[in-house]
Amino acid sequence: MVRPWRALQRARGWRALAGLRERPDKFGGVSVDLAQLGRPRRLERAAFGRWLRDAVARWREEGRVAVWLRVPILQSGFAAAAASQGFAFHHAEQGASTLTLWLGEGPNRLPGYASHQLGVAGAVLDESTGKVLVVQDRNRTINAWKFPGGLSNPGEDIGDTAVREVFEETGIKSEFKSILSIRQQHEHPGAFGKSDMYIICRLEPSSFTISFCQQECLRCEWMDLDELARTKHATPITSNVAKLLLYGYREGFEKIDITMREFPAVYTGLFYKLYHRELPESYRNII
Ligand SMILES: NC(=O)C1=CN([C@@H]2O[C@H](COP(=O)(O)OP(=O)(O)OC[C@H]3O[C@@H](n4cnc5c(N)ncnc54)[C@H](O)[C@@H]3O)[C@@H](O)[C@H]2O)C=CC1
Ligand SMILES: [Mg+2]
């Protein structure tokens, strides 16, 4: 016998499903966010599965090309119900996962999620002494000199990551001047098998007394740039960028710098940063 309160809960669950808002997108897909259901204690996975099967049939009839289903973490059982109907994970963040189902013709054309992580290091050069700031990692088996740096926070500008990481790891304050190099490595073990983008910036110091982070660094010092360019005890990236920096130090930074300019984005009203080699004024103003 189904107890009346349980029947009532189920009826509420069905009403909630029937009332789910669907958001079409400009590509012909549709999104449904299951957070709208609140905490449906009595809405069973099987009932949700039946609703989803009917909804998918309807979306096919309507000619939708894709379904985006957002599932709050506490309702993850619904992800299993969706997977049994062909949905697959697209991405997950702290509180929810998003699954997709391609309904269009031919192979799935939905864009993937994050493909890279971004690391940024700072080559901090004291131009008055020709010394550059280097560290050795505490957690590495082979200890080579490298520039202090680390992973970018979401929404953080490249130069801000370099300045923050340099300060956190060495106690040195600095200012962003330019980008010197970009390294891309696929299947990076430190990036959960994704690709790693590693950018080295040129920074100018505004403080000089080292107070390095004991958790992350084993050693930290101001080293002659000339010596860093020659030493065998540096990673290949560090050696190459040290040579590049030495070239710029001797012959003018305009030979090596990739500088930054800020522009308003046309469609969104946001701003972005454009990084490129110096462009003479006469070329900037060509109409
Ligand atoms: N060629 C070079 O000179 C080197 C370049 N890199 C690049 O630097 C960037 C990352 O810099 P980092 O200094 O590593 O980042 P970071 O300065 O943001 O530090 C990451 C922190 O997370 C910790 N961590 C990492 N994986 C962990 C795990 N599974 N469990 C617990 N703790 C963990 C580390 O011990 C470290 O304290 C990447 O882009 C990488 O490719 C890193 C090392 C050498
Ligand atoms: Mg680091």
Inset, instruction - Give the residue, chosen from Asn153, Asn143, Asn139, that is part of a loop (DSSP other than H, G, I, E, B), within 16 Å of ligand 2 (Cβ to nearest atom), under 22 Å from Met260 (Cβ atoms) and open to solvent by 10 Å² or more (accessible area, probe 1.4 Å). - result: Asn153
Inset, instruction - Mind listing just one residue for me: the one in region 166-202 that is among the hydroxyl-bearing types (Ser, Thr, Tyr) and under 19 Å from Thr259 (Cβ atoms) and, of those, least open to solvent (accessible area, probe 1.4 Å)? - result: Ser178
Legend entry - Residues that are touching a helix residue (DSSP H, G or I) at 6+ places or on another chain (Cβ under 8 Å), among the hydrophobic types (A, V, I, L, M, F, W, C) and not in a helix (DSSP H, G or I), drawn from region 232-287: Ala234, Ile256, Met260
Legend entry - Which numbered condition Ser206 fails, given (1) polar (S, T, N, Q); (2) within 14 Å of ligand 2 (Cβ to nearest atom); (3) free of Cβ contacts under 8 Å to residues at least 40 places away in the same chain; (4) surrounded by fewer than 18 Cβ atoms within 10 Å (Cβ to Cβ): (2)
Legend entry - Selection from region 193-203 of residues that are touching a residue at least 24 places away in the same chain (Cβ under 8 Å) and either within 13 Å of ligand 1 (Cβ to nearest atom) or out of contact with any Lys or Arg (no Cβ under 9 Å at 6 or more places or on another chain) (or both): Lys194, Ser195, Asp196, Met197, Tyr198, Ile199, Ile200, Cys201
Inset, instruction - Return the total of residues in region 70-116 being more than 22 Å from the chain's Cα centre (by Cα) and small (Gly, Ala, Ser). - result: 11
Inset, instruction - Sort out which residues of region 156-165 are open to solvent by 10 Å² or more (accessible area, probe 1.4 Å) and away from ligand 1 (no atom under 13 Å from the Cβ), and write them in order of number. - result: Asp157, Asp160, Val163
Inset, instruction - Among the numbered conditions (1) open to solvent by 20 Å² or more (accessible area, probe 1.4 Å); (2) touching an Asp or Glu at 6+ places or on another chain (Cβ under 9 Å), tell me where Leu133 comes up short. - result: (1)
Legend entry - From Ala96, Ala82, Ala66, residue being in contact with a Phe, Trp or Tyr (Cβ under 9 Å, 6 or more places away or on another chain), away from ligand 1 (no atom under 16 Å from the Cβ), more than 30 Å from Phe176 (Cα to Cα) and touching a residue at least 40 places away in the same chain (Cβ under 8 Å): Ala66
Inset, instruction - Quickly run through region 46-85 and pick out the residues that are of a type in the set (Lys, Arg) and either at pLDDT 95 or above or surrounded by 15 or more Cβ atoms within 10 Å (Cβ to Cβ) (or both). - result: Arg53, Arg58, Arg60, Arg64, Arg70
Inset, instruction - Name every residue in region 117-136 that is within 16 Å of ligand 1 (Cβ to nearest atom) and over 24 Å from the mean Cα position of the chain (by Cα), in order of residue number. - result: Val124, Val132, Leu133, Val134, Val135, Gln136
Legend entry - So Arg39, is it assigned to a loop (DSSP other than H, G, I, E, B), over 29 Å from Pro154 (Cα atoms) and open to solvent by 20 Å² or more (accessible area, probe 1.4 Å): yes
Legend entry - Criterion violated by Phe27 - all others in (1) part of a loop (DSSP other than H, G, I, E, B); (2) aromatic (Phe, Trp, Tyr); (3) open to solvent by less than 40 Å² (accessible area, probe 1.4 Å) satisfied: (3)
Legend entry - Filter pass, Asp157 being acidic (Asp, Glu) and within 27 Å of Glu278 (Cα to Cα): yes
Inset, instruction - Return yes when Glu221 is more than 14 Å from Val124 (Cβ to Cβ) and either among the charged types (D, E, K, R) or within 16 Å of ligand 2 (Cβ to nearest atom) (or both) and no when it is not. - result: no
Inset, instruction - Please enumerate the residues belonging to region 116-142 that are modelled with pLDDT under 95 and among the hydroxyl-bearing types (Ser, Thr, Tyr). - result: Thr141
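The values are calculated or read from the model by the stated rules, or taken from the named source; none is laboratory data. Note that the coordinates shown come from a computational prediction; the quantities given were computed from them, not determined experimentally. Note that we place each Cβ from the backbone using ideal geometry, even for glycine, and neighbour counts take in every protein chain shown. Remember, those area values only see protein heavy atoms, side chains included, never the ligands or the DNA or RNA. Shrake-Rupley method; radii C 1.70, N 1.55, O 1.52, S 1.80 Å.
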